Amino acid sequence: MAGAGISTPSGIPDFRSPGSGLYSNLQQYNIPYPEAIFELEFFFHNPKPFFTLAKELYPGHYRPNVTHYFLRLLHDKELLLRLYTQNIDGLERASGIPASKLVEAHGSFASATCTVCRRSFPGEDLWADVMADRVPCCPVCTGVVKPDIVFFGEPLPSRFLLHLADFPMADLLLILGTSLEVEPFASLSEMVQKSVPRLLINRDLVGPFAWHPRSRDVAQLGDVVHGVERLVDLLGWTQEMQDLIQRETGKLDGQDR
Ligand code: CNA
């Protein structure tokens with residue numbers, strides 16, 4: 001399970017931190033309060049702040065960090081049953097983890113839907129408009145096309161239901177960079193069997209690790225990259241990680257050219 005804390009080392013600030021790059025960027029649009037950016041009512045009133053954020057988070061702007069590549073390495077080693085993420089920055093995909101292994105619980109910019117006729121579009125179709133600060137409109141009915149990011153009150157993607165099969169099968173649960181405050185995602189942490197160890201790597205002790213820990217819980221508190229590097233070291237995977245990161249960074253450098 002992953003959250004915003006795995007992407008802060010990539011330079012993506014927490015949406016909620018006052019004075020962060022993203023929010024200072026949004027202030028010019030005079031949003032009444034930060035959460036309004038993910039509220040449908042406000043979106044229909046003024047979609048521009050959301051698209052400013054979309055422009056920032058569209059694939060290509062930020063790069064995966066050690067944490068994403070550690071998860072990719074777990075996948076390469078066929079140890080990753082599934083990665084449940086709350087993040088909408090697409091960095092799990094960018095690290096090379098296939099979509100079939102991901103549950104992007106709060107959606108992604110990979111696809112979009114017309115808010116009027118409900119036609120679906122690939123995320124790339126919106127790219128030119130978003131980059132040019134234009135609100136994308138449906139070519140068929142002219143309705144506003146909204147990337148498939150889950151707004152407050154909207155249902156989670158149907159893939160989220162995979163948790164019903166995945167969590168009882170897991171034999172280790174890693175929880176990385178999340179405050180475990182947003183439901184229903186947070187409660188997934190309780191869905192592994194009681195005998196299954198849960199490892200939290202996060203700055204603070206959160207959720208059930210704070211209020212009713214299980215006997216096999218382990219918390220590695222502090223910076224997520226530091227915690228992941230320590231785990232990788234204990235596993236004896238440091239060289240493999242370095243090779244993977246070098247290979248993947250080379251690919252991304254190639255795409256930038
Ligand atoms: P959150 O509530 O902001 O919690 C983040 C957690 O990560 C906190 O406990 C922090 O202490 C911890 N943290 C932050 N940076 C580090 C670090 N470098 N090392 C260790 N720990 C760190 O974020 P959640 O994901 O739990 O909240 C869910 C919201 C936030 C979801 O709806 C997300 O879509 C939304 N969000 C997403 C992104 C993104 O896509 N990158 C960015 C910001 C917010």
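When only Cα pairs below 8 angstrom with a gap of at least 6 residues are kept, the chain shows a relative contact order of 18 percent. Straight-line cross-link reach from K146 at under 16 Å between alpha-carbon atoms covers these lysines, not counting any fewer than eight positions away in the same chain: K48, K55. At 7 Å along Cα-to-Cβ for each site, give me the label-to-label distance between K77 and Q27 in nm. About 4.5 nm, to one decimal. Take every DSSP beta bridge whose two residues both sit in the chain; close to 40 percent of them are antiparallel.
In the chain, excluding the sites themselves, the longest stretch lacking any of the GluC sites (Glu not before Pro) that are in a DSSP loop with at most 14 other Cβ atoms within 10 Å is 79-180. Amide H to amide H distances under 5 Å link L200 with I175, V218, A219, Q220, where only residues 5 or more positions off or on other chains count and H is placed in the peptide plane. Phi angles of the range 209-218 translate, via the Karplus equation with coefficients 6.51, -1.76, 1.60 and θ = phi - 60°, into HN-Hα couplings of 5, 8, 9, 8, x, 9, 5, 9, 5, 10 Hz per residue; Gly and Pro are given as x. Translational diffusion coefficient of the chain (Stokes-Einstein, Kirkwood radius from Cα pairs, 10 °C, 1.306 mPa s): 82 µm²/s. Run down the aspartates and glutamates and flag those whose C-alpha is under 20 Å from the C-alpha of K77, throwing out any fewer than 8 positions away in its chain. Candidates past the 8-residue exclusion: E92, D166, D171, E229, D233, E240, D243, E248.
Remark: spin-label model distance A128-Q193 equals 5.4 nm, labels positioned 7 Å along the Cα→Cβ axis. Derived scalar couplings between HN and Hα for the range 101-117 equal 8, 10, 10, 8, 5, 10, x, 7, 8, 6, 9, 8, 9, 5, 6, 9, 9 Hz in order, rounded to whole Hz, by the Karplus curve 6.51 cos²θ - 1.76 cosθ + 1.60 (θ = phi - 60°), x for Gly and Pro. Residues of the range 84-98 with an amide N closer than 19 Å to a point placed 7 Å from the Cα of S111 along the Cα-to-Cβ direction: 84-94, 97-98. Sorting T8, T178, T113, T238 by the number of Cβ atoms found within 10 Å of their own Cβ, with the fewest placed first, yields T238, T113, T8, T178. Taking every DSSP beta bridge that has both ends in the range 108-231, the antiparallel portion is near 45%. The amide H of A112, built 1.01 Å from its N in the peptide plane, has F121, G123, D148 as neighbours under 5 Å, considering only residues 5 or more places off or on other chains.
A simple charge model with +1 on the Cβ of Lys and Arg, -1 on the Cβ of Asp and Glu and nothing else charged puts the dipole of the range 38-139 at about 180 debye relative to its Cα centre.
Computed from label points 7 Å out along Cα-Cβ, the spacing between F152 and H212 is 2.9 nm.
Once you compute Rg and the Kirkwood Rh from C-alpha atoms, what is the Rg to Rh ratio for the range 73-114? Write down the numbers at each step before the final one.
Numbers: Rg = 10.9 Å, Rh = 10.9 Å.
When Rh is taken as the Kirkwood radius, the ratio is 1.00.
Given the C-alpha atoms of the range 134-257, compute the convex hull and give its volume per residue in Å³.
Working: hull volume 24.2 nm³, N = 124.
It is 195 Å³ per residue.
Result for the chain in a Gaussian network model with C-alpha springs under 10 Å: among K48, K77, K101, the largest mean-square fluctuation is at K77. The HN-Hα couplings worked out from phi for the range 141-146 by the Karplus form 6.51 cos²θ - 1.76 cosθ + 1.60 (θ = phi - 60°) are 10, 6, x, 5, 9, 10 Hz, whole numbers, x standing for Gly and Pro.
Since every read-out is calculated from the coordinates, none of them should be taken as a lab result. This is a predicted model, so every value here is computed, not measured. Note that each Cβ is placed from the backbone with ideal geometry, even for glycine, and that neighbours are counted across all protein chains shown.
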